[in-house]
Amino acid sequence: MAIKSLKILIRMTFPDDSVVRLHDGAGPFVDENGDFWQGAMLTEGLDEIEHAMNGEAATLLLGISSVSTDASGLAFEELENNNVIDGKVQFLLQELDQWDQPIGVPEIKFTGTIDNMPMADVASETSITSSITLEITNRFSLRKLTSGAVLSDVDQRARSRFLNPAAWALGQFDRFCERIPGLSDKTIRWPRFA
């Protein structure tokens with residue numbers, strides 16, 4: 001069966017295990033497992049999603065508007081109950097056939113943690129449009145320090161212990177930050193091809 005298109009899915013799992021499922025598009029979407037995904041529109045952070053899915057983004061700001069009343073109501077309830085911070089956000093890609101039906105299970109491309117989730121409602125004469133802004137971090141957020149400081153050897157070791165526990169179990173410790181200061185005494189010599 002040929003793949004004709006892809007759909008971006010966003011799954012938010014709050015600390016109390018309640019789940020909001022959204023997809024970038026209009027109307028509802030039902031995957032092969034029978035899970036129901038509400039339609040929404042990604043308004044901000046589309047360029048950052050590519051970096052996130054390629055594992056390059058340490059933080060992500062994502063704006064979602066036209067959220068259904070069910071999804072926005074649940075998100076608002078979680079926000080009111082202070083049950084948002086450290087919730088899990090996942091971006092998934094779903095392959096679709098020529099009839100826009102799902103092919104297989106969606107593939108998880110990015111997993112992050114909710115750092116903040118401001119919400120807003122805009123009322124018009126005919127309806128109320130809800131929007132959610134997700135401020136998401138992941139385990140690589142240590143790479144980007146707002147103070148402009150660099151990672152210390154202690155920070156690097158803690159990060160590498162989390163990312164590669166098998167190497168730590170074998171006694172193979174990450175010594176990157178320990179070795180970098182010694183490079184200032186080295187001279188790079190380029191080869192001469194004459």
Original post:
What's the number of the condition Arg159 fails, among (1) outside any loop (DSSP other than H, G, I, E, B); (2) more than 27 Å from Asp31 (Cβ to Cβ); (3) open to solvent by less than 60 Å² (accessible area, probe 1.4 Å); (4) modelled with pLDDT of 80 or more?
Top reply: (4)
**OP:** Among the candidates Val105, Val122, single out the residue that is in a strand (DSSP E or B), touching a residue at least 40 places away in the same chain (Cβ under 8 Å) and open to solvent by 70 Å² or more (accessible area, probe 1.4 Å).
**Re:** Val105
**OP:** Starting from segment 172-194, take each residue that is free of Cβ contacts under 8 Å to residues at least 24 places away in the same chain and list its partners that are surrounded by fewer than 10 Cβ atoms within 10 Å (Cβ to Cβ), counting only C-beta distances under 9 angstrom and pairs at least six apart or across chains.
**Re:** Gln172/Ala166
Original post:
Can you name the number of the only condition in (1) under 30 Å from Gly27 (Cα atoms); (2) assigned to a loop (DSSP other than H, G, I, E, B); (3) modelled with pLDDT under 80; (4) of a type outside the set (D, E, K, R) that Gln98 fails?
Top reply: (3)
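State which residue is least open to solvent (accessible area, probe 1.4 Å) when the search covers only segment 12-30 and only residues that are outside any strand (DSSP E or B) and modelled with pLDDT of 85 or more.
Checked segment 12-30; the qualifying residue least open to solvent (accessible area, probe 1.4 Å) is Phe14.
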**OP:** Being more than 13 Å from Pro102 (Cβ to Cβ) and aromatic (Phe, Trp, Tyr) is the filter here, so list the residues in segment 5-40 that pass it.
**Re:** Phe14
Original post:
Tally time: how many residues in segment 59-78 are of a type outside the set (Gly, Ala, Ser) and more than 13 Å from the chain's Cα centre (by Cα)?
Top reply: 8
**OP:** Please tell me if Val89 is at pLDDT 85 or above and either open to solvent by less than 40 Å² (accessible area, probe 1.4 Å) or closer than 23 Å to Glu135 by Cα (or both).
**Re:** yes
Original post:
When the residues of segment 163-179 are filtered to those that are out of contact with any helix residue (DSSP H, G or I) (no Cβ under 9 Å at 6 or more places or on another chain) and part of a helix (DSSP H, G or I), which remaining residue is most open to solvent (accessible area, probe 1.4 Å)?
Top reply: Arg179
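The values are calculated or read from the model by the stated rules, or taken from the named source; none is laboratory data. These numbers were taken from a predicted model, which means no experiment stands behind them. A quick note on method: Cβ atoms are made from the backbone with ideal geometry, for glycine too, and the neighbour counts reach across all protein chains shown. Note: areas computed on protein heavy atoms with side chains; ligands, DNA, RNA excluded. Shrake-Rupley method; radii C 1.70, N 1.55, O 1.52, S 1.80 Å.
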